[in-house]
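Have a look at the structure below, then the notes.
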Amino acid sequence: MGAGGAVSQRAQEARRQERLLREQWQAARRQALRWDTVGEGERRVLAQLLVLTARGWRLLVDRQWSGTRTADADMLLVGPGGVFVIHVTAGGGSGDGPEDWPGDGRATGLLAATKAAERAVASLGMSPVAVQPLMVFAGQRRDANLGRIRLLGEHEIGPVLLSQRHRLRVESVRAIADHLERVLPDHAGAAVDLQTTTAPAPASAPAPATATESEGHRPGPSDGLFDLEGLRDAALKGAMQAPIEQWMTFLHPDQVALVRRNWSGPARISGPAGTGKTVVALHRAAHLARRTTGRILYVTFANNLPRVQSTFLRTMAPAVADRVDFRSLHSWAQEFLQERGIPVRLHGDKAETAFSLAWKNVGRASRLAELDPAPTYWHEEIDYVIKGRGLTRFEEYATLPRRRRKASLHRAHRQSVWELYEAYEALRAERGVHDFNDVLSLALAEASRRREQPPYAAVIVDEVQDLTLVGVRLLHALVGDAPNGLLLVGDGQQTVYPGGFRLTDAGIDIRGDRGQVLRTNYRNSKQILDAALTVVADDAFEDLDGERTPGRRDVDLTYHDGDVVRVTGPTVEAHDRQLLDALRALPEGALADTALLCPSMRAIGHYQRLLTQAGLAVCQLEHYDGRAVDAVKLGTYRRAKGLEFKNVFLPQHDAVFANGTPAEAAGGTRGGTRGGTETPQTVREREELRRSQLFVAMTRARDLLWLGSVTTGRGSGQDAL
């Protein structure tokens, strides 16, 4: 269709909407006139809401509503935009001055009614983000917020409601309204009747005058009081919106209970991949933002996740999105230190050079090289065990349980590690630079030193298992053990970084019901989950609570449509041709929800070139912000943490393992030998970590998991990327 045709079609639709709205307004005004004991302004507001009932919304009016302002909620409105708890008040002022703001009593009563509505719909799985209190001022123009309550004028209420993003389908609107009418019997249904001029009044409404008598004594409908143009434009905009993801409105009732729970101190939500931990955390952030006056900090380790999660929250709860700060831990810590006037000289390259020199001068000729000649393992030991746990004395390190580290280090080995650490620190200080661990240690010292009013009402930590102990201590220091202050979300099985700790090491005590485990997988089909669990089936892991958990955990499944496709090519070139064929075979528009994940940056570069040369659009995961873009999302396994896609492609997924399948590669016979020789403990640890990373990548898939392999050179790793 040409541009002119599109304009003409929109104009025709606008005229049709205006004609329908005018008819609906006339009928709604006649209906509203029957509420004899309310003022003219309240009747005009009621008429606008009745107009919505002719467009598929459901209106429940308080049986005692008479304009006396004694009702906590005059009306409940259910529509595509959610559930709205409404109090109408007579206007009179300009709406601009403090004298025109509602009294505390009315606001408190409206919030109490809103909580009652939330409780009522929670059993249906509706999240609190879909329930909103509105205070409407007859005779005024206004659009502001009073805490959680949105304040709207008479002219704004209709357009605002019609322009809400669509959360609910038609059948959901009916079911929720019927449920509310049953559990809240003080409210009865009211609707505009377009067929007659004298539709029956609600059961408790005052006996009305006839339509003729009413019209003779009251002014007829006035387009000056009824914003027809605003309603028409809002209706057009709403008609063009597609329903948003169901998880933004509906959760399992058990998840809703966690979102609304009043925790007496720090709490933790854990559970296997796909059980909705991040979804619950986002809804919890919105819930807390509506119920507190302070800001909410939502933290992850990866720096790409905050952008995605911020987009999701703005979509599902735009009214409170500005009160939640989504940050990566290190970026937040740097800003925190700068605000406190503490200089930060973070320079990753210079810090890396300092370690390389320390290894050359101290480590390479030490007994550490006998255990593992590669410096990477010992760099990780310093990053995640010594500095990551905030150790400052050798005696602390000498007896420390090195959680999730496989290599057995005797005291002499630990002494060599400590000497390497001291050499690194001296060279780093000589260059006058900090590393990433230093940033967190400085921030922790500052947060602990200045015990002032907490900067945040609550802190939510997603993928907590990826943080270091110092990072968790820092976030705990911001809110302490305050009720509802700290929520930790994550799963030890999905760890993609070495090292570990227990929450008790951070002084965090999760008692009783403050530790909750989700057990229902909402993302993966049995085929996809079985394929992923095969990778880690024999890798028991220790979670943050110290409990040893088997690699294969039982979960309840709700999704059954996913498929696993395995493709093997004799060469990388043949494998890549099959990959491109599979991507091109996807339905139109499917690339917007497709990811291609790789274990290394080298592989990322290879597939970036391959897809670009093939004419396929690519969006790097590090730049992805959660908004739909018709391009393949390309990133590492680590970057995919916390995300999900309909289609996930894992080319050469088993190339990072030395022999056979990932399960076979983990030490040959799982007895710690490969080909009759003992597998170095550090190698076994790296392979287990790689299996965990692959498991994370595989469980990102919802509908399709594509697993590519190359037969040539698998044993030698020649073709591995």
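Kindly indicate the residue of the stretch 552-568 that is of a type in the set (Ser, Thr, Tyr) and at pLDDT below 90 and also nearest to ARG702 (Cα to Cα) among those meeting that condition.
So the residue we want is TYR559.
Report the residue count in the stretch 88-123 for those that are assigned to a loop (DSSP other than H, G, I, E, B) and modelled with pLDDT of 90 or more.
Qualifying residue count, the stretch 88-123: 0.
Within the stretch 274-296, which residues are farther than 14 Å from VAL464 by Cα and hydrophobic (A, V, I, L, M, F, W, C)?
VAL279, VAL280, LEU282, ALA285, ALA286, LEU288, ALA289, ILE296
For the stretch 547-562, enumerate the residues that are surrounded by 13 or more Cβ atoms within 10 Å (Cβ to Cβ) and in contact (Cβ under 8 Å) with a residue 24 or more places away in the chain.
THR549, GLY551, ARG553, VAL555, LEU557, THR558, TYR559, GLY562
Cβ-Cβ distance below 7 Å, separation of 6 or more or different chains: which pairs start in the stretch 122-149 with a residue that is within 13 Å of VAL88 (Cβ to Cβ) and end on one that is aromatic (Phe, Trp, Tyr)?
These pairs meet every condition: LEU134/PHE84.
Please count how many residues of the stretch 281-310 are part of a loop (DSSP other than H, G, I, E, B) and of a type in the set (Gly, Ala, Ser).
Number of matching residues: 2.
For the structure I just gave you, tell me whether ASP186 is modelled with pLDDT under 90 and outside the structural domain of VAL259 (by TED's automatic domain parsing).
In short, yes.
Kindly provide the set of residues from the stretch 415-440 that are assigned to a helix (DSSP H, G or I) and touching a strand residue (DSSP E or B) at 6+ places or on another chain (Cβ under 9 Å), ordered by number.
Scanning the stretch 415-440 gives ARG428, PHE436, ASP438, VAL439.
Identify the residue in the stretch 498-546 that is in a loop (DSSP other than H, G, I, E, B) and among the hydrophobic types (A, V, I, L, M, F, W, C) and, among all such residues, is surrounded by the most Cβ atoms within 10 Å (Cβ to Cβ).
LEU544
Please return the ranges of strands (runs of 3 or more DSSP E) entirely within the stretch 128-178 where 2 or more residues are surrounded by 21 or more Cβ atoms within 10 Å (Cβ to Cβ).
Result: 131-137, 149-153.
Can you go through ARG414, ARG405, ARG428 and tell me which one is at pLDDT below 95, surrounded by 18 or more Cβ atoms within 10 Å (Cβ to Cβ), over 30 Å from SER264 (Cβ atoms) and not assigned by TED's automatic domain parsing to the domain that holds PRO272?
ARG405
What pairs can you find where one residue is in the stretch 669-691 and under 20 Å from LEU368 (Cβ atoms) and modelled with pLDDT under 85, the other is crowded, with 18+ Cβ neighbours inside 10 Å and charged (D, E, K, R), and their Cβ atoms are less than 7 Å apart, with a gap of 6+ or different chains?
These pairs meet every condition: PRO680/ASP372.
Results for (1) in contact with a Ser or Thr (Cβ under 9 Å, 6 or more places away or on another chain); (2) assigned by TED's automatic domain parsing to the domain that holds VAL279, shown as yes or no for each residue.
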residue: GLY500; (1), (2): no, yes
residue: LEU503; (1), (2): no, yes
residue: GLN516; (1), (2): yes, yes
residue: THR558; (1), (2): yes, no
residue: ASP563; (1), (2): yes, no
residue: THR568; (1), (2): yes, no
residue: GLY589; (1), (2): no, no
residue: ASP593; (1), (2): no, no
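Can you confirm whether the stretch 440-461 contains a residue that is under 26 Å from the mean Cα position of the chain (by Cα), buried (at least 19 other Cβ atoms within 10 Å of the Cβ), polar (S, T, N, Q) and closer than 28 Å to ALA285 by Cβ?
No; the residues of the stretch 440-461 include none that is under 26 Å from the mean Cα position of the chain (by Cα), buried (at least 19 other Cβ atoms within 10 Å of the Cβ), polar (S, T, N, Q) and closer than 28 Å to ALA285 by Cβ.
Identify all residues within the stretch 469-486 that are touching an Asp or Glu at 6+ places or on another chain (Cβ under 9 Å) and either within 23 Å of VAL279 (Cα to Cα) or part of a strand (DSSP E or B) (or both); write none if there are none.
The answer is VAL472, and nothing else.
I'm checking my understanding of the structure. Among residues of the stretch 631-655 that are without any contact (Cβ under 8 Å) to a residue 60 or more places away in the chain and outside any strand (DSSP E or B), which one is nearest to HIS560 (Cα to Cα)?
Ranking the qualifying residues of the stretch 631-655, first place goes to HIS653.
Could you pull out the residue among ALA398, ALA365, ALA354 that is surrounded by fewer than 16 Cβ atoms within 10 Å (Cβ to Cβ) and touching a Lys or Arg at 6+ places or on another chain (Cβ under 8 Å)?
Going through ALA398, ALA365, ALA354 in turn, the sole match is ALA398.
Can you name the residue in the stretch 271-297 that is out of contact with any helix residue (DSSP H, G or I) (no Cβ under 6 Å at 6 or more places or on another chain) and of a type in the set (Lys, Arg) and, of all such residues, is surrounded by the fewest Cβ atoms within 10 Å (Cβ to Cβ)?
ARG291
Any chance you could count how many residues in the stretch 369-391 are part of a loop (DSSP other than H, G, I, E, B) and touching a helix residue (DSSP H, G or I) at 6+ places or on another chain (Cβ under 9 Å)?
Residues that pass the stated criteria total 7.
For the structure I just gave you, tell me whether VAL496 is free of Cβ contacts under 8 Å to residues at least 40 places away in the same chain, under 24 Å from the mean Cα position of the chain (by Cα) and within 27 Å of THR682 (Cα to Cα).
Criteria not met by VAL496.
Can you pull out the residues in the stretch 251-280 that are in a helix (DSSP H, G or I) and under 14 Å from the mean Cα position of the chain (by Cα)?
Across the stretch 251-280, the qualifying residues are GLN255, VAL259, LYS277, THR278, VAL279, VAL280.
Just the residues that are part of a helix (DSSP H, G or I) and free of Cβ contacts under 8 Å to residues at least 40 places away in the same chain, please, taken from the stretch 441-456.
Selection gives ALA445, SER448, ARG449.
Quickly run through the stretch 317-344 and pick out the residues that are of a type in the set (Lys, Arg) and assigned to a loop (DSSP other than H, G, I, E, B).
ARG340
Just one of (1) touching a strand residue (DSSP E or B) at 6+ places or on another chain (Cβ under 9 Å); (2) among the polar types (S, T, N, Q); (3) modelled with pLDDT under 95 trips up THR636, so point out which.
(3)
Those residues that are in contact with a strand residue (DSSP E or B) (Cβ under 9 Å, 6 or more places away or on another chain), farther than 17 Å from PRO80 by Cβ and buried (at least 22 other Cβ atoms within 10 Å of the Cβ), I need them from the stretch 42-63; list them, please.
Listed by number, the residues that qualify are GLU42, VAL45, LEU46, VAL61, ASP62.
The values are calculated or read from the model by the stated rules, or taken from the named source; none is laboratory data. What you are looking at is a predicted structure, and each value in this text was computed from that prediction instead of being measured. Positions of Cβ are backbone-derived with ideal geometry, glycine not excepted, and every protein chain shown enters the neighbour counts.
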